[in-house]
Amino acid sequence: MVVTLPSSGITKPADLIGRTINIGGTDGLVQFTAMMSKLNLDINKVNITPYSYDLQPFYNGQIDATPAVAAGSLIGILKQHPDVNLIWAEDYGIYFYADTLFTTDQMIAEKPDLCIKLVTGNLKGGAVCSREPG
């Protein structure tokens with residue numbers, strides 16, 4: 001998702017036009033581009049800077065928006081700013097794989113309960129940072 005501070009006034013993708021976001025890696029850029037394209041928003045009107053793990057430029061307003069992963073950097077951001085705005089690509093019809101779980105046929109045959117517990121636990125863990133639809 002894309003995270004913004006309340007003071008930025010950015011609550012939806014259209015608000016990112018003319019603003020600065022730091023994006024890292026191909027996955028982040030592809031997801032962001034897909035969301036903006038689907039909404040007919042010109043990505044060339046967004047100032048995209050390279051991602052940095054140092055979030056101080058985000059906290060002090062030098063960067064208007066930053067990407068975050070629900071089970072990763074979002075946790076730290078929420079500790080500092082529990083009132084941030086979250087722009088979820090999924091809300092705009094852009095879906096990417098998050099976790100991929102795999103095992104062997106032997107593991108499923110020999111320890112089916114363990115496999116079920118792992119999948120169930122993974123799904124419950126994702127719910128920690130989920131939000132109500134709509």
Check your understanding: Got a sec? Charge dipole of the chain, +1 on Cβ for Lys and Arg, -1 for Asp and Glu; which of Leu41, Gly28, Val69 is way out at the positive end?
Key -> Leu41
Review point. Could you give me the ³J(HN,Hα) list for segment 7-18, computed from phi with Karplus coefficients 6.51, -1.76, 1.60 and θ = phi - 60°, whole Hz, x at Gly and Pro?
Key: 5, 6, x, 8, 10, 8, x, 4, 5, 7, 4, x
Exercise for review: Roll a 1.4 Å probe over the protein chains and send me the accessible area per residue for the chain in Å².
Suggested key: 66
Point to revise | Cut-off 13 Å (backbone N to label point 7 Å along Cα→Cβ of Glu90), residues of segment 1-28 | key: 1-2
Practice item. Taking amide H positions as placed in the peptide plane 1.01 Å from N, state which residues far from Thr49 in sequence (5 or more) or on other chains have amide H under 5 Å from it. Key: Ile21, Asn22, Ile23
Study note, to complete from the structure: Taking Cα atoms, the helix 112-127 axis meets the longest principal axis of the chain at an angle in degrees (rounded to 10) of 20
Check your understanding: Which angle between 0 and 90 degrees, to the nearest 10, do you get for helix 25-38 versus the longest principal axis of the chain when only C-alpha atoms count?
Key -> 70
Revision key, fill the gap. Computed about the Cα centre, the charge dipole of the chain from +1 Lys/Arg and -1 Asp/Glu charges at the Cβ has a magnitude in debye, to the nearest 20, of 180
Review point. Counting only protein heavy atoms and using a 1.4 Å probe, what share of the accessible area of the chain belongs to carbon plus sulfur, as a whole percent?
Key: 57
Check your understanding: Which of the chymotrypsin sites (Phe, Trp or Tyr not before Pro) found in segment 33-108 are in a DSSP loop and have at most 14 neighbouring Cβ atoms, other than their own, within 10 Å?
Key -> Tyr53, Trp88, Tyr95, Phe96, Tyr97, Phe102
Revision key, fill the gap. What helix-only [θ] at 222 nm does the chain give? Using -39500 (n - 2.57) per DSSP H run of at least 4, over all residues, to the nearest 500, the answer is -10500 deg cm²/dmol
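The values are calculated or read from the model by the stated rules, or taken from the named source; none is laboratory data. Just so it is clear, the structure is predicted and the values come from calculations on it, not from any experiment. Using ideal geometry, Cβ is built from the backbone for each residue, glycine included, and neighbour counts are taken over all protein chains shown. The accessibility values were calculated without ligands, DNA or RNA, using every heavy atom of the protein model including side chains. Shrake-Rupley method; radii C 1.70, N 1.55, O 1.52, S 1.80 Å.
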